[in-house]
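Heads up, the thing below is written out as C-alpha cells.
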Amino acid sequence: MTKTLERRAKQLEALIDAAEQAIAAKGLAGPKSRELAAELGVANGAVFNPVDDMDELILRVGSRTLARLDAALSTAESDGAPSPAETLVRIAVAYCDFAAENLELWRALFEHRMAPEKAIPEWAIEEQMNLFRHIYHPLAKCFPKWSKDELGISARSLFASVHGMVSLGLEQKLIAVPVAALRHEIATIVKPVSFCLR
C-alpha cells in the first residue's frame, strides 16, 4: 500500500470512528459535517474527502454495526445445544441483547433513508442479506423438505417478528418492555414457532 493510500485509509477510519461515536450518542441526528471536521482537525469542505457524502458515511458506520451484530449472532449460534430450535432462540435473544446494548447504532440501520434519487449500494445490501444465514441454516435443519424460496421467506418472516418485538419493546415510551422480560417473551414465541411450522 502506498503512503497516499495508507493516509486515505486512515482518514476514512478516523471519519467513520467520529461518525460512529456521534450516532451512538445522538442517533442519526448526531453526525454534523462541521462537528466532524472540528473533531478530525480538517477544513469543513474536506470532511467528506474519504467518502462521497453523508449517506455513504452512515452506510459505512452501518457496515461496522452489522459486522459486530454478525459476530454476536455467530457466537450465539455456536454457544449451546446444536438443536435448530434452541439455536433460533439463542439467535433471537442475541439480536435483542445487541439492539439493547447498541440502541442508536442499531436504530440507524433501519431509520437511515438514502436521498430519493440514490439507490443503496450493492455492497451494503449484500452485508444485510448475509445476516439471514443465521436464521436460514437452523430453519433448513428444521424443515429439510422446504425449498430455498420457502426457507428464505420464513427466515425473513421470523426476523420481522423478532425485530418488531425488539423495536416496540425497546421504545422509550409507554410500550417499553424491560429487556429481561423482552428476552423471555422472544424465547417463548420463537421456540414453539420453530416446532409448529414443521
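Listed values, structure above:
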| item | result |
| --- | --- |
| Residues of the range 130-141 satisfying the condition of being open to solvent by 10 Å² or more (accessible area, probe 1.4 Å), part of a helix (DSSP H, G or I) and of a type in the set (A, V, I, L, M, F, W, C) | I135, A140 |
| Residue list for the range 86-112, restricted to those being surrounded by fewer than 19 Cβ atoms within 10 Å (Cβ to Cβ) and farther than 17 Å from A160 by Cβ | E86, D97, A100, E101, N102, L103, E104, H112 |
| Residue within the range 32-47 that is at pLDDT 95 or above and either under 21 Å from V190 (Cβ atoms) or small (G, A, S) (or both) present | no |
| Residue list for the range 43-52, filter: without any contact (Cβ under 8 Å) to a residue 12 or more places away in the chain and surrounded by 11 or more Cβ atoms within 10 Å (Cβ to Cβ) | N44, A46, D52 |
| Some residue of the range 153-161 being farther than 15 Å from T65 by Cβ, part of a helix (DSSP H, G or I) and open to solvent by 80 Å² or more (accessible area, probe 1.4 Å) | yes |
| Any hit, the range 85-105, residues being of a type in the set (D, E), part of a helix (DSSP H, G or I) and more than 17 Å from H134 (Cα to Cα) | yes |
| Number of the exception - A92 against (1) over 30 Å from V51 (Cβ atoms); (2) of a type in the set (G, A, S); (3) at pLDDT below 95 | (3) |
| Complete set of residues in the range 7-37 that are open to solvent by less than 80 Å² (accessible area, probe 1.4 Å) and either more than 15 Å from L105 (Cα to Cα) or in a loop (DSSP other than H, G, I, E, B) (or both) | A9, L12, A14, L15, G30, P31, S33, L36, A37 |
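Conditions tested, residue by residue: (1) in contact with a His (Cβ under 7 Å, 6 or more places away or on another chain); (2) hydrophobic (A, V, I, L, M, F, W, C); (3) in contact (Cβ under 8 Å) with a residue 12 or more places away in the chain; (4) under 20 Å from L73 (Cα atoms).
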site	(1), (2), (3), (4)
L105	no, yes, yes, yes
E111	no, no, yes, no
P116	no, no, no, no
P121	no, no, yes, no
Y136	no, no, yes, yes
E150	no, no, no, no
G169	no, no, yes, yes
A176	no, yes, no, no
I189	no, yes, yes, yes
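The values are calculated or read from the model by the stated rules, or taken from the named source; none is laboratory data. Just so it is clear, the model here is predicted, and its values are computed rather than measured. Here Cβ is always computed from backbone atoms with ideal geometry, including for glycine, and neighbour counts include all displayed protein chains. These area figures cover heavy atoms from the full protein model, side chains too; ligands, DNA and RNA do not enter into them. Shrake-Rupley method; radii C 1.70, N 1.55, O 1.52, S 1.80 Å.
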